[in-house]
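The structure under discussion appears below in the form of structure tokens.
The values are calculated or read from the model by the stated rules, or taken from the named source; none is laboratory data. Because the structure is predicted, anything quoted here is derived from the model rather than measured. Cβ coordinates were reconstructed from backbone atoms using ideal geometry, including for glycine residues, and neighbour counts include every protein chain displayed. With ligands, DNA and RNA removed, areas are computed over all heavy atoms of the protein, side chains included. Shrake-Rupley method; radii C 1.70, N 1.55, O 1.52, S 1.80 Å.
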Amino acid sequence: MTETIKGVIFDLDGVLVDTACLHYKAWKKMADKLNIPFSEKDNEKLKGVSRKDSLDIILNHSGRNFSETEKHQLLLDKNNDYLKLVNQLNENDVLGGVVKLIEELKYKGIRISLGSASKNARLILELTGLYHYFDYIVDGNMVVKAKPAPDVFLTGAELLGLSPSECLVFEDAQSGVQAALTAGMKVVGVGEQALLHQATAVVPDLIGFNIEDYIK
Ligand code: BG6
Ligand code: MG
């Protein structure tokens, strides 16, 4: 590691809270109604992908065209179904190792930002008791160009007052790893090595993560 890390940017879905299964249930309900095949494996490909782009990917498998009005309604319905599930989240849904790592970062004076594609990020952080830890929140409402564009992370670094090389990103999606690398940041992939091999390092989860390796 050439430069010491002074700020950390966390992705939300799949890194701090496991919401992929909730997205899946809501997309599956929509796909079933439209008779579009959609499996958990298909859902994997939507990790890190914006809501609108996810809809387009699913509808591409339908063989028919949808008007902008239809798509708008589908997005509203999907998000309402997703929010019904999200509203059941609580502190027990935070993934293993997350709170310990964040508390260690705070103790060491390392500032943290969120860097998420989700427009529901603030609500999820509030429900799971993580909101108060964050110095800044960059979410899908703030950034136009979605991952793999680097914008979400560059905005985070700017708010933290740091250069990209002073920031470390935690990401579970290939598009997010790409976005962090394009931003010029080190990135820890959280998940499968085979999928996230481009990352600076890959861990299966954040349990026991050793930040000391990055801040010496
Ligand atoms: C990402 C998720 O974090 O946010 C995607 O990995 C999701 O699956 C995207 O589509 C947008 O989320 P939301 O909450 O705005 O629909
Ligand atoms: Mg994610």
Tell me yes or no: at least one residue of the range 27-47 is at pLDDT 95 or above, assigned to a helix (DSSP H, G or I) and more than 15 Å from ligand 1 (Cβ to nearest atom). yes
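Condition test on I112, is it of a type in the set (V, I, T) and assigned to a helix (DSSP H, G or I)?
Considered against the rule, which asks whether it is of a type in the set (V, I, T) and assigned to a helix (DSSP H, G or I), I112 comes out as no.
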Please tell me if K100 is open to solvent by 40 Å² or more (accessible area, probe 1.4 Å) and under 30 Å from F38 (Cα atoms). no
Looking at (1) assigned to a helix (DSSP H, G or I); (2) within 15 Å of ligand 2 (Cβ to nearest atom); (3) within 16 Å of K6 (Cα to Cα), which is the one condition that is false for E104? (2)
If you go through the range 97-105 one residue at a time, do you hit one that is modelled with pLDDT of 95 or more, in the same structural domain as A149 (by TED's automatic domain parsing) and within 16 Å of ligand 1 (Cβ to nearest atom)? yes
For residues that are away from ligand 1 (no atom under 12 Å from the Cβ) and either assigned to a helix (DSSP H, G or I) or among the polar types (S, T, N, Q) (or both), tally how many sit in the range 160-174. 5
Enumeration of residues in the range 148-199 that are open to solvent by 30 Å² or more (accessible area, probe 1.4 Å), within 16 Å of L12 (Cα to Cα) and touching a Phe, Trp or Tyr at 6+ places or on another chain (Cβ under 9 Å): T155
Limited to the range 111-146, what total is found for residues that are open to solvent by 10 Å² or more (accessible area, probe 1.4 Å) and on the phi < 0 side of the Ramachandran plot? 23
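Hey, can you tell me all the residues within the range 164-185 that are in contact with a helix residue (DSSP H, G or I) (Cβ under 7 Å, 6 or more places away or on another chain) and at pLDDT 95 or above?
The answer is P164, C167, L168, V169, E171, V177, A179, A180, A183, G184, M185.
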Scan the range 58-83 residue by residue and report those that are in a helix (DSSP H, G or I) and touching a residue at least 12 places away in the same chain (Cβ under 8 Å). I58, L59, K71, L74, L75, D77, K78, N79, D81, Y82, L83
